[in-house]
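**Student:** This is the structure I have questions about; it appears just below.
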Amino acid sequence: MARRIAWLTALLLLMASGLILSKGAGAAPRHPAKAKAAEPPPEAEDSQEAGDDSVHELTKADINRIRFSELLTLRAQDPQDPAAIERVRVMVPREAAEQFVSEMAGKRFYEGNEGRNRFMKLTPENKLREIVRETGVAYADRVEIRSDPAVFLMFRRKVLPRVIQGCGTANCHGGVSGDKLNYKLWDDPKRSEQALYRNFLLLDETQLDYGKGDSLRRYFMIDRARPEESLLLAWLVKGDLTPVPLAHPGKAKVQPVFYNITNEGYQDILGWIGMLRIPRPDYGVRLQPPPGSQPVEPNEDRDGPGK
């Protein structure tokens, strides 16, 4: 009997110790702990620094100045025309409005309290029109343009998608770092402000010289004075349909996006270039200049027979 009691006691002790072990560190908890958010791998940060950030990062103030500088009112022949009101979301701080009225003191429509009250009751869009009409771009850093002016709405909707289609592919000026010349367009499906205005500046700043001596001439990617001679159009259309003698730099054959100049896309880009201000305004910001291109050659054999 004593032996049986001793044996049962030992068995109970063994079972108890096993239960304790099963609750220890080696056992899986009933409710798994919440997983920590994965930290971004170091290489992701490195690639960010090594890629797009090699050029100037545009600030909100930069984008605001670009928008302000291309307002419709600045291009209108008659700033008083109701059609010259730019349909943008705009914020005119009270301090800026008061300063403007103070500067206009004594001028017609701004005399005394009556003139001040008249201006202060205007809608933000009308305040913007009067500010631009009277002071040009002087208030570009004091008035906030919160949406794209008409010229950049056109660029966003009609122009950039076609430029990306023709030039922003992975084996051309797209991909991680663009082509071997590091000339990169940013294909952002969301068309973020940063991508939109960086792409615009990249195109707007690009120019190439062609010819020698007295025949040397400078061509612009966006030629505001002669839109039909813009390199942007010359390299998107069949070579025998453009007056521009420059072939696209490099050895790769460029496939045209447009096979005739009556194409809607071609006409959209042509019309958009005509919307930009002449002369080109100083936006107060530049991207790093793209590297020098390879020597340009005549455009004779760029494309095959017309379609």
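The values are calculated or read from the model by the stated rules, or taken from the named source; none is laboratory data. What you see is a predicted model; the values in this text were computed from it and never measured. Cβ atoms come from the backbone with ideal geometry, glycine included; neighbour counts cover every protein chain shown.
**Student:** For the structure I just gave you, tell me whether residue 122 is among the aliphatic types (A, V, I, L, M), within 14 Å of residue 85 (Cα to Cα) and either modelled with pLDDT of 95 or more or in the same structural domain as residue 189 (by TED's automatic domain parsing) (or both). Even if it seems obvious, please write down each step before you answer.
**Tutor:** Numbers: among the aliphatic types (A, V, I, L, M): yes; within 14 Å of residue 85 (Cα to Cα): yes; either modelled with pLDDT of 95 or more or in the same structural domain as residue 189 (by TED's automatic domain parsing) (or both): yes.
Against the criterion (among the aliphatic types (A, V, I, L, M), within 14 Å of residue 85 (Cα to Cα) and either modelled with pLDDT of 95 or more or in the same structural domain as residue 189 (by TED's automatic domain parsing) (or both)), residue 122 qualifies.
**Student:** Residues 253, 212, 238: which one is farther than 18 Å from residue 159 by Cβ, buried (at least 18 other Cβ atoms within 10 Å of the Cβ) and modelled with pLDDT under 95? Write out each step before concluding.
**Tutor:** Working: 253 fails: buried (at least 18 other Cβ atoms within 10 Å of the Cβ); 212 fails: buried (at least 18 other Cβ atoms within 10 Å of the Cβ).
One residue alone meets the criteria, 238.
**Student:** Restricting to region 129-159, what's the tally of residues that are of a type in the set (D, E, K, R), outside any loop (DSSP other than H, G, I, E, B) and farther than 21 Å from residue 202 by Cβ? I'd like the intermediate steps shown before the answer.
**Tutor:** Within region 129-159, the first condition is being of a type in the set (D, E, K, R), and the residues that meet it are 129-130, 133-134, 141-142, 144, 146, 148, 156-158.
Filter again for outside any loop (DSSP other than H, G, I, E, B), leaving 129-130, 133-134, 144, 156-158.
In the following step, the residues that additionally are farther than 21 Å from residue 202 by Cβ were identified as 129-130, 133-134, 144.
Residues in region 129-159 being of a type in the set (D, E, K, R), outside any loop (DSSP other than H, G, I, E, B) and farther than 21 Å from residue 202 by Cβ: 5 in total.
**Student:** Please go through region 224-281 and give me each residue that is in contact (Cβ under 8 Å) with a residue 12 or more places away in the chain and among the β-branched types (Val, Ile, Thr), ordered by number.
**Tutor:** Hits for region 224-281 are 237, 242, 244, 254, 257, 261, 269, 273, 278.
**Student:** Would you confirm whether or not region 101-109 contains a residue that is crowded, with 16+ Cβ neighbours inside 10 Å, touching a helix residue (DSSP H, G or I) at 6+ places or on another chain (Cβ under 6 Å) and not β-branched (Val, Ile, Thr)?
**Tutor:** Scanning region 101-109, I find no residue that is crowded, with 16+ Cβ neighbours inside 10 Å, touching a helix residue (DSSP H, G or I) at 6+ places or on another chain (Cβ under 6 Å) and not β-branched (Val, Ile, Thr), so the answer is no.
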